[in-house]
Amino acid sequence: MKILVAVKRVIDYNVQVRVKEDNTGVVTENVKMSTNPPDDNAIEEAVKIKESGKATEVVAVSVGEEKAQETVRKALAVGADRGILIKADGILEPLAVSKLLQKIVEKEKPDLVFMGKQAIDDDCNQTGQMLSALLNWPQATFASKIEIKDKKLEVTREIDEGLETIEINIPAIVTCDLRLNEPRYASLPNIMKAKKKPIEQINASDLGVDTSPRIEQIKVEEPPKRKAGIKVKSVAELVQKLKNEAKVI
Amino acid sequence: MSVLLIAEHNNKELKPFTLNAVTAASQMDTDLHAVIIGSNCGDAAKKLSELPLVKKVIQVEAAHYENFVAENFAPVIVKLAESYSHVVCSANTFGKNLMPRIAASLDTSQVSDIIKVISADTFLRPIYAGNAFATVKSKDPKKCITIRPTSFDPCESSGGSAQIEKVEPSEEFNNTKFVKREEIKSDRPELGTARVVVSGGRGMQSGDNFKLITSVADKLNAAIGASRAAVDAGYISNDHQVGQTGKVVVPDLYIAIGISGAIQHLAGMKESKVIVAINKDGEAPIFSVADYGLEADLFEAVPQFIEELNKLNTIQK
């Protein structure tokens with residue numbers, strides 16, 4: 001069994017994001033970039049499945065600028081066997097990314113495609129579901145547990161009401177929740193080994209997909225600031241304020 | 001131009017956030033139709049027809065719609081979408097799972113999780129976990145939009161009498177089977193809709209200490225929330241998590257106890273009307289969004305707080 005894992009390079013989740021002064025976007029120059037956190041869970045799960053003997057190959061793919069190679073390299077350092085970078089500049093919407101991934105799926109013929117449930121930059125939560133639609137494959141979104149049963153997967157999904165379990169036939173798409181597993185850190189020897197693993201580079205324009213944006217980003221602004229609050233000195237004062245000033249208790 | 005709203009329901013009743021989604025959809029175009037897909041969902045369809053903003057209800061029933069599997073729902077909506085300019089749904093796990101499958105089939109670039117309708121094609125949406133707001137304009141002929149329910153008021157729920165049209169179901173998608181759903185039952189208000197939320201963080205130090213949070217929540221008839229750190233530490237189950245990767249809540253009163261205020265937690269609660277923070281670290285970021293901050297050891301302050309609440313006669317049950 002072969003697993004394709006899609007990973008995205010995003011601003012690190014510990015960075016306080018700042019809006020550009022000209023309101024065209026957020027500041028990305030000289031900002032720490034990392035793998036989108038739930039994509040780390042996706043890689044981890046794929047590597048664990050391979051380690052259990054149920055998969056033979058894990059391929060990491062990313063779509064983006066040249067530097068997204070670092071994100072693919074990180075996936076290789078935690079256990080993916082080889083990488084693919086689809087090079088594309090500018091804003092890529094999930095629809096375009098899913099069409100590019102569709103081309104890779106057609107070429108690589110994986111049995112499973114894993115990725116994070118959502119990217120923490122554009123917060124779209126679309127790509128996995130869109131890829132499933134384009135391939136007409138089953139989708140298991142927001143997965144917090146995956147069990148492989150022959151040619152089927154039993155997946156537990158995090159839903160608003162609690163947990164849902166579904167059974168899907170392979171080939172299938174799974175989007176991973178943060179609670180799926182605990183991603184490992186790359187060891188230094190594995191980081192060195194990853195440097196020798198192959199990364200195939202493909203230009204998005206060579207895949208015959210129109211990636212031009214369909215959504216015009218008119219402006220990006222700071223969210224309205226909350227007005228500064230006050231510090232109270234005691235519990236008694238807090239309760240009085242909540243009762244008499246805010247009138248919420 | 002007309003809008004197709006996808007109703008969320010449990011086959012008997014509409015989910016409350018469907019009313020918020022109706023409000024959002026009606027701001028895109030007042031010619032608003034709503035589709036309900038389910039199994040024996042006639043009662044819920046009737047409720048939908050009573051919403052005054054809904055001009056027509058489309059009801060699609062089959063056994064394979066009982067459990068809301070997106071692979072079964074999407075083809076129905078893609079077919080219906082021929083007659084509409086917009087398809088709209090709530091951005092909760094139901095809508096997040098379903099809408100992109102519809103959008104890709106319609107070759108539309110979806111606009112996710114909007115918090116404001118600026119015009120029929122222009123919307124405001126948070127990005128980077130609410131650290132920036134983007135104004136975006138959809139250029140696709142058909143628009144697929146998910147809306148953040150807490151950013152829109154619920155619509156009127158009675159007085160309407162829209163016509164209910166029944167439409168033939170699509171075929172079942174055979175590669176996905178529903179197995180089971182484990183709903184978390186509680187006597188408390190639901191986290192997403194509670195008027196008061198009391199949350200605990202890493203500062204609680206143990207799952208046992210969450211009893212303090214429970215006691216405060218009992219006094220205020222509040223839902224119980226938690227930070228990701230508290231969930232990761234195993235103090236409380238993850239369905240209580242408030243934040244970018246948990247639930248986004250907008251209560252009248254949010255009480256953060258022993259929560260430092262990581263970016264991802266703030267994203268889930270900073271729109272609350274009144275925020276209280278109790279934390280012994282005066283520099284904790286939570287104080288930057290708190291209306292009332294109390295710099296104190298929670299293990300002293302919270303028992304006192306419960307005592308003070310006991311003294312009040314305005315306890316809401």
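Which entries in the list B:Lys96/B:Lys139; A:Lys107/B:Lys177; A:Lys8/A:Lys195 go over 25 Å, if you measure between the two C-alpha atoms of each?
Exceeds cut-off: A:Lys107/B:Lys177.
Using label points projected 7 Å from each Cα along Cα→Cβ, tell me how many nm separate A:Ile230 and B:Glu50, to one decimal.
Each label point is offset 7 Å from its Cα along the Cβ direction, giving 4.6 nm.
Restrict the search to the stretch A:1-89; then list the GluC sites (Glu not before Pro) that DSSP places in a loop and that have at most 13 other Cβ atoms within 10 Å of their Cβ.
Working: sites: A:Glu21, A:Glu29, A:Glu44, A:Glu45, A:Glu51, A:Glu57, A:Glu65, A:Glu66, A:Glu70; in loops: A:Glu21, A:Glu29, A:Glu65.
In loop regions of the stretch A:1-89 (DSSP not H, G, I, E or B), the sparsely surrounded GluC sites (Glu not before Pro) are A:Glu21, A:Glu29.
Counting other Cβ atoms within 10 Å of each Cβ, which GluC sites (Glu not before Pro) in the stretch B:208-317 have at most 10 and sit in a DSSP loop? Before the final figure, lay out the partial values.
Details: sites: B:Glu271, B:Glu283, B:Glu295, B:Glu300, B:Glu307, B:Glu308; in loops: B:Glu271, B:Glu283.
Here the sparse-neighbourhood loop sites are B:Glu283.
Distance cut-off 27 Å, Cα to Cα: go down the list B:Lys142/B:Lys166; A:Lys20/A:Lys103; B:Lys12/B:Lys79; A:Lys48/A:Lys196; A:Lys117/B:Lys55 and report the pairs above it.
Too far apart for the 27 Å limit: A:Lys20/A:Lys103; A:Lys117/B:Lys55.
Given springs between every Cα pair under 10 Å in a Gaussian network model of chain B, which of B:Val276, B:Val57, B:Val248 has the largest fluctuation?
Taking springs between Cα atoms under 10 Å, the residue moving most is B:Val276.
Give, in nm to one decimal, the length gained when the segment between B:Ala120 and B:Lys12 is fully stretched (0.36 nm per residue of separation minus the Cα-Cα distance). Kindly include the intermediate steps, with their values, before the conclusion.
Values: separation 108, 0.36 × 108 = 38.88 nm, distance 3.17 nm.
Going from the current span to full extension adds 35.7 nm.
Report the label-to-label distance for B:Asn310 and B:Asp187 in nanometres (one decimal), using points 7 Å from each Cα along the Cα→Cβ vector.
The answer from the label model is 1.9 nm.
Mind checking A:19-31 for the average number of partner chain beta-carbons within 10 Å of each residue's beta-carbon?
The shielding value for this peptide is 1.
Give the order of B:Arg148, A:Arg184 when sorted by the count of other beta carbons within 10 angstrom, beginning with the fewest.
Final ranking by Cβ density, sparse to dense: A:Arg184, B:Arg148.
Taking only the alpha-carbon atoms of chain A, what semi-axes of the equivalent ellipsoid follow from 5 times the gyration tensor eigenvalues under a square root, in whole Å, largest first?
On the way: eigenvalues 258, 114, 73 Å².
For chain A, the semi-axes come out at 36, 24, 19 Å.
Percent antiparallel among DSSP beta bridges with both residues in the stretch A:2-245, to the nearest 5?
Values: 18 of 46 bridges.
Expressed as a percentage, antiparallel bridges in the stretch A:2-245 total about 40.
Considering all alpha-carbon pairs of the protein assembly as shown, what whole percent are spaced by more than 42 angstrom?
Here the long-distance tail beyond 42 Å is 21 percent of all Cα pairs in the protein assembly as shown.
Expressed in nm to one decimal, what extension gain is obtained for the pair B:Asp297 and B:Glu156 from 0.36 nm per residue of sequence separation less their Cα-Cα distance?
Extra length from B:Asp297 to B:Glu156 when fully extended: 46.3 nm.
To the nearest whole percent, what portion of all C-alpha pairs in the stretch B:87-137 is separated by more than 15 angstrom?
In whole percent, the long-distance tail amounts to 49.
Give me the inter-chain shielding for B:103-116: mean count of other chain Cβ atoms within 10 Å, whole number please.
Neighbouring Cβ atoms belonging to other protein chains average 5 per residue here.
Cα centroids of the stretch A:208-228 and the stretch A:117-168: how far apart, whole angstrom?
26 Å
Values in this text are rule-based calculations from the coordinates and carry no lab data. Note that the structure is a prediction, hence the values are computed from the model and not measured. Quick reminder, even Gly has a Cβ in these numbers, built from the backbone with ideal geometry, and neighbours come from all protein chains shown.
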